[in-house]
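Beneath this line is the structure, given in structure tokens, with notes to follow.
None of the figures in this text is laboratory data; all of them are computed from the coordinates on show. All values reported here derive from a predicted model rather than from experimental measurement. Backbone-built Cβ (ideal geometry, glycine too); neighbour counts: all protein chains shown.
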Amino acid sequence: MPQATAIPSAKGATNARSSEFTPLLREVKAAGLLRRRRGWYGMSIAVTLLALGATGVGIHVLGNTWWTLFLAVPAAVFTTRTAFLGHDSGHAQIARTRRANRALGLFHGNLLIGMSYHWWTDKHNRHHANPNHVDKDPDVGVGALVWTQRQAAQREGFACWLTRHQAALFFPMLLLEGIALKVSSWQDLRRQDVRERRVEALLLGAHVIGYAALLLTAMSPGKALVFALVQHAVFGLHLGMCFAPNHKGMEMPESGDDDWGHLRRQVLTSRNVRGGITTDWLMGGLNYQIEHHLFPNMPRPHLRLVQPLVRAHCAALGLPYAQTSAAESYRLALEHMHEVGEPLRTPPVP
């Protein structure tokens, strides 16, 4: 795991860290890279809806046959495309107003996917504010997996066994992520205010009814159940493989490391995935994780364009800029998870 860059705690040094981002922001604004791309997003939304619609038609054309299960894979892929659009609306990348972005998020998240927009944006915004921070980032909190040896030391029973083998179990566990996202969405309704809860529950319920109707009017209940399980498994795996490379195995600041400034906080904790147009499409722009974290409201098609500016700025400051292949990023993430569970695999010394 990379070692943290030594950061002085003096007030003057803190102010200097905070100002490191300002010249880059000025350059990015001058280049017009924060401007909305409504036409690009309009086309992306239309193509995604057509693809989902075509998949639904295909399900009914094939009907009550096991061959229909092959359509669960494109259904999962285009569901992930829908999730990317919900992600971008949550970051206010698409529309100008908060209300319009929220409407797009509810449509893509709650109605089309069955995942709570309110739950996801709250969790994801806390992650962006303090990425990989042991005490503040919900994505590295204690859950089915743990991310530090301090967390691992507190595991007992089945959780302890899980942590010992979490690197080997990581990808199989992603097959359950699609279902876990929906369960968490329904659970989150209890903490929402009445008005928010009513809207979210209505749309989540409409998704369940519509999805069940789509499958059950085309095939038997048994085939419909298998189709749903396959689609959610592939969806969870696809989505997880887009998020897994981004921070796992990177710097993990703790309390006391709060003087890094925005630039260092985002760059030192994030990793990019090298690739071309295909990688951009499959990962929904999340392969430009450093740029996305520095400019979360930047439209997705601009992330590739801003990358040279960010890389040059980091080089001028002597900041490490992490970028690797997809395969190497997974190796680094799994290696980190393996190291976290190492003490639990080592027999205690008498």
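What to note about this one:
- Judged by the ratio a/c of the largest to the smallest principal axis of the C-alpha gyration tensor, the stretch 154-194 counts as oblate, that ratio being 1.5 or greater while a/b is no larger than b/c.
- If you bin all the Cα-Cα distances of the stretch 160-312 at 10 Å, starting from zero, the percentages per bin are 9, 24, 30, 28, 8, 1.
- The listed peptides 232-238, 140-146, 312-318, ordered by packing as a protection proxy, come out as 232-238, 140-146, 312-318 (highest mean of other Cβ atoms within 10 Å first).
- Over the stretch 200-306, relative contact order from alpha-carbon pairs under 8 Å, at least 6 apart, %: 20
- Calculated Cα extents along the principal axes in Å (choose from (1) 66, 64, 43; (2) 64, 58, 42; (3) 63, 42, 34), label: (1)
- Rounded to the nearest 10 degrees, the inclination of helix 303-317 to the longest alpha-carbon principal axis of the chain is 20 degrees.
- Per-residue [θ]222 nm for the chain (sum of -39500 (n - 2.57) over DSSP H runs n ≥ 4, rounded to 500): -19500 deg cm²/dmol
- Using alpha-carbon coordinates, inclination of helix 38-62 to the longest axis of the chain, degrees: 40
- The protection proxy used here, the mean number of other Cβ atoms lying within 10 Å of each residue, ranks peptides 107-117, 281-291, 92-102, 72-82 as follows, highest first: 107-117, 281-291, 72-82, 92-102.
- Relative contact order of the chain, pairs being alpha-carbon contacts under 8 Å that are 6 or more residues apart, as %: 27
- Between the stretch 275-309 and the stretch 181-210, the Cα center-to-center distance that results, in Å: 30
- Each residue in Trp66, Trp119 was given a count of other beta-carbon atoms within 10 angstrom of its own, and listing them fewest first yields Trp66, Trp119.
- Residue-count net charge about Leu189 - beta-carbon cut-off 10 Å; Lys, Arg +1, Asp, Glu -1: +1
- In range of the label at Arg331: residues from the stretch 164-181 whose backbone nitrogen is under 18 Å from the point 7 Å along Cα→Cβ: 167-168, 171
- Crossing angle, helix 221-243 versus the chain [Cα axis fit, 0-90 degrees, rounded to tens]: 20
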